[in-house]
1. Please verify whether residue 83 is part of a loop (DSSP other than H, G, I, E, B) and at pLDDT 85 or above, treating the condition exactly as stated.
2. Test residue 9 against the criterion of being surrounded by fewer than 16 Cβ atoms within 10 Å (Cβ to Cβ), modelled with pLDDT under 90 and farther than 23 Å from residue 111 by Cα, and give yes or no.
3. Being under 19 Å from the mean Cα position of the chain (by Cα) and exposed (fewer than 14 other Cβ atoms within 10 Å of the Cβ) is true for just one of 59, 40, 49, 26. Which residue is that?
4. Only residues in region 138-149 that are over 15 Å from residue 114 (Cβ atoms) count as the first member; pair them with residues that are in a loop (DSSP other than H, G, I, E, B), Cβ under 8 angstrom, at least 6 apart or cross-chain, and list the lot.
5. Going by what's in this entry, would residue 2 be described as out of contact with any strand residue (DSSP E or B) (no Cβ under 9 Å at 6 or more places or on another chain), at positive phi and either part of a loop (DSSP other than H, G, I, E, B) or modelled with pLDDT under 85 (or both)?
6. Return the total of residues in region 66-75 being surrounded by fewer than 19 Cβ atoms within 10 Å (Cβ to Cβ) and in contact with a strand residue (DSSP E or B) (Cβ under 7 Å, 6 or more places away or on another chain).
7. Looking at region 123-170, which of its residues are assigned to a loop (DSSP other than H, G, I, E, B) and modelled with pLDDT under 70?
8. From the set of residues in region 86-122 that are part of a strand (DSSP E or B) and exposed (fewer than 13 other Cβ atoms within 10 Å of the Cβ), which is modelled with the highest pLDDT?
């Protein structure tokens, strides 16, 4: 059912947006300070409150967006652009229920894929051709169990072949 549009364009634009409340659980920040708060604010997180609970940093957002996925995606991008070394570990809605959507599964897979690449680069400094093969291979994997296994292999193994070439068969 289509609704009638409001004649005032500013009001009509406002009708298309809603405020979404969610929490990003972070890592990479060990303490609260003005530099971190300022960087987050300047990066666009002016609609969030940075808090620590049991030494874990949280950003609680009240973000204006057209839908929840857009709100979360833009918040994650803002955290990344703050360049404070923070990584988003989890996203919660209403502070209690873990959000479980295809979008968030994709975000989590992207993060794990990047973690695996970063570890391999630090440990083995693979040649560019091999790096591109690994990146292409990882981009096709979204299964949590397989990504966890590859991440563990990347951390524990002494050979890049154990991570990449042997995992193709699994």
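1. yes
2. yes
3. Of 59, 40, 49, 26, the one residue that is under 19 Å from the mean Cα position of the chain (by Cα) and exposed (fewer than 14 other Cβ atoms within 10 Å of the Cβ) is 49.
4. Matching pairs, first to second residue: 146/170; 149/170.
5. Answer is no for this residue.
6. The number of residues fulfilling the criteria is 1.
7. If the condition is that a residue be assigned to a loop (DSSP other than H, G, I, E, B) and modelled with pLDDT under 70, then 126, 127, 157, 158, 159, 164, 165, 166, 170 are the ones that fit.
8. 97
The values are calculated or read from the model by the stated rules, or taken from the named source; none is laboratory data. Source: prediction; values computed, not measured. Using ideal geometry, Cβ is built from the backbone for each residue, glycine included, and neighbour counts are taken over all protein chains shown.
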